[in-house]
Amino acid sequence: MEAAVETKSLSRVFEPKKKKEGKSVTALDSVDLRIEGGELFGLLGPNGAGKTTLLKILSTLLLPTSGKAYVAGLDVESQFSAIRQKINMVSGGEISGYGLLTVKENLWMFSQFYGIKSKVALQRIDEMLKDFGLSEKKDAKVRTLSTGERQKMNVIRGFITDPDIIFLDEPTLGLDVNASRVIRSYMIDWLKDHPTKTVVLTTHYMVEADELCDRIAIIDNGRILACDTPERLKKMVKMNTTLSMDVTRLKDAAVLGSFSGVENFTFTEDGDKGLTRLRFVMRDESGVSDIISAVLSQGSRIESLQKTEPTLEDVFIKMVGKGLE
Amino acid sequence: MSDGWIIKNLRAVKGRAYPRVVGAQREPSWVFFEVLLPLFTVAAYAYVYQFMDARQELIGYVVLGGAMTAFWLNVLWSMAAQFYWEKEIGNLQLYMIAPISRMSILAGMALGGMFSTTVNAASTLVIGALIFNIAFHVVDPVMLIAIFMVTMVALYGMGMMFASLYMLFGREAYHMSNLLTEPVYLASGFYFPVKYLGVFAAAGASFIPITLGLDALRQLFFTSGAGDAFLSLELELGLLLGLCALFMVLAHYSLRYMEYLGKATGRLTLRWQ
Ligand SMILES: Nc1ncnc2c1ncn2[C@@H]1O[C@H](COP(=O)(O)OP(=O)(O)OP(=O)(O)O)[C@@H](O)[C@H]1O
Ligand SMILES: [Mg+2]
């Protein structure tokens, strides 16, 4: 099947307005990317990584300096008109529309730019306002909306034209847990209902990327550092797993450090509670079951057990060299 | 969705005209700027003319010109400069990615603007006529409507062409609009018959459609208009039609080129959008 998005050595350089002032900025550097139809694809990267630049090129607002970009198999440079029939885009923190129009009027207006019949548009607006819990704001002036309400309206604006591919630039930027959840679950449901459609989003939020996206590209300095499912990305960083255990009545703690895969072992006695706290740093997980049976064979009981695995954040720090927040 | 290209673009026109029309109703302060403000200028000229014992028609010309300034200001600030504001608030990029002609967006702006501005201009005309006791003699209402319509299309067509330039402007947009406001009042003869500027200046000023439009309207509203006319009505109608075509074609190509330039240089959107 034809990819929803494909780029080949895509680069974008911004030249300074006047030659003397500053140097040129390479916002994208030989990006090769393939996003399949049906995917919820995330671009994760620090400020200035090139995420917005990539979305602008894909949504036909910016030309590549070199390389190629295809959306729905169409060239962004020469076939932008055809691409525009199939896409829509929403940016976080967007203040688009007209403040003196109501929510309904604004959404209707934008739907008209896609030539949608008013009756169809108004019906979709009603349904989607309900989906987003925004029905009672239908007749409120846009300028009176809160950030979250406004962003929900923006996201509705994007989906209401029924695009094949939607580009979302930090759609949950600055939103509270509730508003973010509404937007995220809408995206998931939308893809469930339309299995061939595609969502491409950028984000700063690790958890969002991890829980929401089928695949993630980690981007920094205009380069794609890694691109895979969240699970496989986490496996890629050869990080140690930490195993913490609280056990009772342990006779000999010291022997536990000799099992295979254990890189580091410490224990502390908690006399008040009669507990021993064990902490293993494991190279791999092969020895975990041996450790547990050794503990049990001493007649101990395990009061609590915790295994810490690498998070996407660890992956990110390892790849980019710094965290996001 | 099997609707044809024309239907879709007409919907886009309607969509963009809508906020202009309801906006005029929801923002009553606009009435102050578009109806009452021109009257101050009109009054100033009218008193000068009265003081000099000038012909009463001259004051009539001033009232007519004052009413027509509403259109010029609307074209300049709400049409040409509009894309600059739209870029600031992030609408421009949404217009750009929409699968319709940019001309439809601009046509929507123009129609919506024309509608509310006509209401305001008519109010200025009526109030001015009452205050200064002006008598209109309309002999040829068909020609009057024809001239008015053609002037509007040519004028807003010019606005569309300017809009393409403002698309890439930054703050210099302000200066540009200011630069075009006052000198045009002079060049286009808003407050006096343009013929007195001399043939060459008047001919040059005629590229601004409101120049010929005003000259023709003076002839159609006042009996003395013929004596003060720069060109004949028929010629002016023909030239205005030519300007309509010229500006529409220029606007089309200029919009296309400016969009390309904006995409190439990264100035179609603001950096943080
Ligand atoms: N129009 C432009 N002109 C000049 N430089 C630009 C322009 N747009 C972006 N840049 C530069 O390109 C680089 C990438 O910017 P981009 O907006 O794509 O980053 P981003 O990943 O979206 O960052 P953020 O998380 O802050 O939104 C930055 O260094 C930015 O300053
Ligand atoms: Mg960005």
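The values are calculated or read from the model by the stated rules, or taken from the named source; none is laboratory data. What you are looking at is a predicted structure, and each value in this text was computed from that prediction instead of being measured. Glycine gets a Cβ as well: all are built from the backbone with ideal geometry, and neighbour counts include every protein chain shown. Just so you know, the surface numbers come from the protein's heavy atoms only, side chains and all, with ligands and any DNA or RNA stripped out. Shrake-Rupley method; radii C 1.70, N 1.55, O 1.52, S 1.80 Å.
Selection of strands (runs of 3 or more DSSP E) fully inside the stretch A:39-97 by the criterion of at least 3 residues being within 12 Å of chain B (Cβ to nearest Cβ) returns A:87-91. The numbered conditions (1) open to solvent by 10 Å² or more (accessible area, probe 1.4 Å); (2) modelled with pLDDT under 90; (3) of a type in the set (A, V, I, L, M) are all true for residue B:107 except (2). The number of residues in the stretch B:1-34 that are of a type in the set (Gly, Ala, Ser) and facing chain A (nearest Cβ under 7 Å) comes to 3.
Sub-6 Å Cβ pairs linking a first residue in the stretch B:257-271 that is free of Cβ contacts under 8 Å to residues at least 60 places away in the same chain and open to solvent by less than 30 Å² (accessible area, probe 1.4 Å) to a second residue that is assigned to a helix (DSSP H, G or I) and of a type outside the set (Lys, Arg), at least 6 apart or interchain, number zero.
The set of residues from the stretch A:56-109 being open to solvent by 10 Å² or more (accessible area, probe 1.4 Å), closer than 23 Å to residue B:18 by Cα and among the small types (Gly, Ala, Ser) comprises just one member, A:99.
Taken over the stretch A:28-73, the criterion of being more than 16 Å from ligand 2 (Cβ to nearest atom) and among the polar types (S, T, N, Q) is satisfied by A:30, A:60, A:65, A:66.
Counting just the residues of the stretch A:159-201 that are assigned to a strand (DSSP E or B) and in contact with an Asp or Glu (Cβ under 9 Å, 6 or more places away or on another chain), which one comes out surrounded by the fewest Cβ atoms within 10 Å (Cβ to Cβ)? Going through the qualifying residues, I end up with A:169.
Here residue B:37 meets each of (1) touching a Ser or Thr at 6+ places or on another chain (Cβ under 6 Å); (2) modelled with pLDDT under 85; (3) more than 14 Å from every other protein chain (Cβ to nearest Cβ) with one exception, condition (1).
Exactly one of (1) open to solvent by 10 Å² or more (accessible area, probe 1.4 Å); (2) away from ligand 1 (no atom under 16 Å from the Cβ); (3) touching a residue at least 60 places away in the same chain (Cβ under 8 Å) is unmet by residue A:148. Its number? Every condition holds for residue A:148 apart from (3).
What are the residues in the stretch B:65-101 that are more than 17 Å from residue B:267 (Cα to Cα) and not hydrophobic (A, V, I, L, M, F, W, C), if any? The answer is B:65, B:66, B:69, B:74, B:78, B:99, B:101.
Can you say whether residue B:229 is without any contact (Cβ under 8 Å) to a residue 40 or more places away in the chain, open to solvent by 10 Å² or more (accessible area, probe 1.4 Å) and in a loop (DSSP other than H, G, I, E, B), as far as the supplied structure shows? It is true that residue B:229 is without any contact (Cβ under 8 Å) to a residue 40 or more places away in the chain, open to solvent by 10 Å² or more (accessible area, probe 1.4 Å) and in a loop (DSSP other than H, G, I, E, B).
Condition check for residue B:53 on (1) within 14 Å of chain A (Cβ to nearest Cβ); (2) charged (D, E, K, R); (3) surrounded by fewer than 18 Cβ atoms within 10 Å (Cβ to Cβ): one failure, at (1). Residue A:247 passes every criterion in (1) outside the structural domain of residue A:170 (by TED's automatic domain parsing); (2) in contact (Cβ under 8 Å) with a residue 12 or more places away in the chain; (3) touching a Lys or Arg at 6+ places or on another chain (Cβ under 7 Å); (4) open to solvent by 30 Å² or more (accessible area, probe 1.4 Å) apart from (4).
Quick one: would you say residue B:240 is more than 16 Å from ligand 2 (Cβ to nearest atom), more than 28 Å from residue A:80 (Cβ to Cβ) and at pLDDT 95 or above? Taking the combined requirement at face value, the residue satisfies it.
The residue that is farthest from ligand 1 (Cβ to nearest atom), among those in the stretch A:202-221 that are away from chain B (no Cβ under 14 Å) and in a strand (DSSP E or B), is A:215.
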